[in-house]
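Participant: What follows is a structure written as structure tokens; I'll ask about it next.
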Amino acid sequence: MNYSFSNRIAALQPSIIREILKASSGQNVIPFSAGNPAPETFPIEAIRTFTQSILEQDPVTALQYGITEGYAPLRDTLTHHLKTNYNTGTASDELFIVSGAQQGIELACKVFCNEGDTIICESPSFIGSLNSFRASGARLVGVPMESDGIDIGKLELALQTEQNVKLIYLIPSFQNPTGVTTSLEKRKAIYALAKQYGVMILEDNPYGELQFSGEDVPTIKSMDEEGLVIYVGSFSKILSAGLRVGYVLAPNEVVQKMVVAKQGEDVHTAMLPQILAYKFMAEYQYAEHISSIREIYRRKSALMMDKLKEHMGNSITFTQPDGGLFLWCDLPAHIPMLDYAKAAAASGVAVVPGTAFLVDESEPCNAIRLNFSTPSDEQIVKGIEILGQVLKQYS
Ligand SMILES: Cc1ncc(COP(=O)(O)O)c(C=O)c1O
């Protein structure tokens, strides 16, 4: 059969970077390339007990169709949580449940972008979102990241010069892949620009609860008096990634459109995971659980940074994140980064070449992304030592 794929999908090709990742996904490879939460953060016993009690006490709600907007007690609890703890959300906003933040991001693009419309993204940014935007036929414009967030001057220039800009996509807290947190000053500047140019902001905050150092910075959504911000959150990194529960907080009129779009995708997010997420927030020691996850990531990130300093300290620079799951390491200019990533994989350590996260993969980039949540402590110690040895081969 000669398959005739749609133009949108035909244009998406597996890149050389993804081939490197495939080659380094073996069982004995040390996984600095993944973005999985640490398995020890899953509250397995509580999930087991809650599942049993749901199936004993109210099996029909868990097994029957639900409404597209999501399980009402979960929506109410989240709305209250965001308002009381993050001053996020106004009376004209509404919250609905999605099957992971990824779906919220895709729905935002679907309801605002026609084919060829522009989305301004931080560059580098999260591959899952970039690919979802690309698959929808949107045109991506990358604005470089700095150590305190997107380059504001270049963002303004893009807003002035690009045609049909519909969304500014941002991960302001503990960004994937750089680990950078956008400063309060820049958040205010971004919001002011969005208002000036009449463009919506898509604020992706799956790591918001995972702060382990530094100052709390308010969400951009907490500044939103004009109905300009679509805020996306997730249970993937605080409860379980496999349950696939996320949420969107946005102006009521926007939510109504996103809900209609979601109906055509999966009707609603699976009920059992939604009820589990509700019980996790309402009946579990939520705050204690979050602080125990923060502690795990504080320790793991510190271990990785210590080992980087020990084995590669004179040669590389890396971000020191206040939260999230990633470090972004700049290699010395004379080292060919893709080559280095291949050599690391051949030595049993998987890293992600930084170019994978660029809006334009052909731009120069000499960085790699390292994940500290998935590997064990022993793997962190061993893996960084190996990365140091591979680096020495180039000097
Ligand atoms: C920045 C960012 N946004 C969204 C997602 C998707 O999260 P979810 O599992 O909730 O779909 C991820 C997952 O790693 C991410 O890093």
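The values are calculated or read from the model by the stated rules, or taken from the named source; none is laboratory data. These numbers were taken from a predicted model, which means no experiment stands behind them. All Cβ positions, even for glycine, are placed from backbone atoms using ideal geometry, and neighbour counts span all protein chains on display. To get the accessible areas, we keep the full protein, side chains included, count just its heavy atoms, and leave off ligands, DNA and RNA. Shrake-Rupley method; radii C 1.70, N 1.55, O 1.52, S 1.80 Å.
Participant: Given +1 on the Cβ of Lys and Arg, -1 on the Cβ of Asp and Glu, and no further charges, what dipole in debye does the chain carry about its Cα centre, rounded to the nearest 20?
Facilitator: It works out to roughly 680 debye.
Participant: Can you list the lysines whose alpha carbon sits under 17 Å from that of Lys83, skipping same-chain ones fewer than 8 residues off?
Facilitator: Lys221
Participant: Given points 7 Å out from each Cα along the Cα-Cβ axis, report the Asp216 to Gln320 separation in nanometres with one decimal.
Facilitator: Modelled inter-label distance: 2.3 nm.
Participant: Ok, one more. In whole Å, how far is the Cα centre of the stretch 238-289 from that of the stretch 343-395?
Facilitator: What the calculation gives is 33 Å, centre to centre.
Participant: Which percent of the accessible heavy-atom area of the chain goes to carbon and sulfur, probe 1.4 angstrom?
Facilitator: Using a 1.4 Å probe with all protein chains present, the chain comes out at 52 percent carbon and sulfur.
Participant: Counting only heavy atoms of protein chains, what accessible area per residue, in Å², does the chain have with a probe of 1.4 Å?
Facilitator: 44 Å²
Participant: Follow-up. Under unit Cβ charges (Lys, Arg +1; Asp, Glu -1), what dipole magnitude, rounded to 20 debye, does the stretch 110-233 have relative to its Cα centre?
Facilitator: For this selection, approximately 360 debye.
Participant: Describe numerically, in nm with one decimal, the distance between label points set 7 Å from Cα along Cα→Cβ at Ser291 and at Ala10.
Facilitator: That separation, rounded to one decimal, is 5.8 nm.
Participant: Amide H neighbours of Val180 under 5 Å, at least 5 residues apart or on other chains, H built in the peptide plane: list them.
Facilitator: Gln175
Participant: Under 16 Å Cα-Cα from Lys166, which lysines qualify once same-chain neighbours fewer than 8 residues away are excluded?
Facilitator: Counting by Cα, and skipping residues close in sequence, Lys166 has these lysines nearby: Lys110, Lys195, Lys257.
Participant: Can you give the helix-only mean residue ellipticity at 222 nm for the chain, where every DSSP H stretch with n ≥ 4 adds -39500 (n - 2.57) and the sum goes over all residues, rounded to the nearest 500 deg cm²/dmol?
Facilitator: About -13500 deg cm²/dmol.
Participant: Show me 300-312, 163-175 ranked by packing, highest mean number of other Cβ atoms within 10 Å first.
Facilitator: 163-175, 300-312
Participant: Describe numerically, in nm with one decimal, the distance between label points set 7 Å from Cα along Cα→Cβ at Thr90 and at Arg48.
Facilitator: Between Thr90 and Arg48, the simple spin-label model gives 4.7 nm.
Participant: Ok, one more. State the answer as a single residue: which of Val390, Leu140, Ala189 lies farthest towards the positive end of the charge dipole of the chain, with beta carbon charges of +1 for Lys and Arg and -1 for Asp and Glu, about the Cα centre.
Facilitator: Val390
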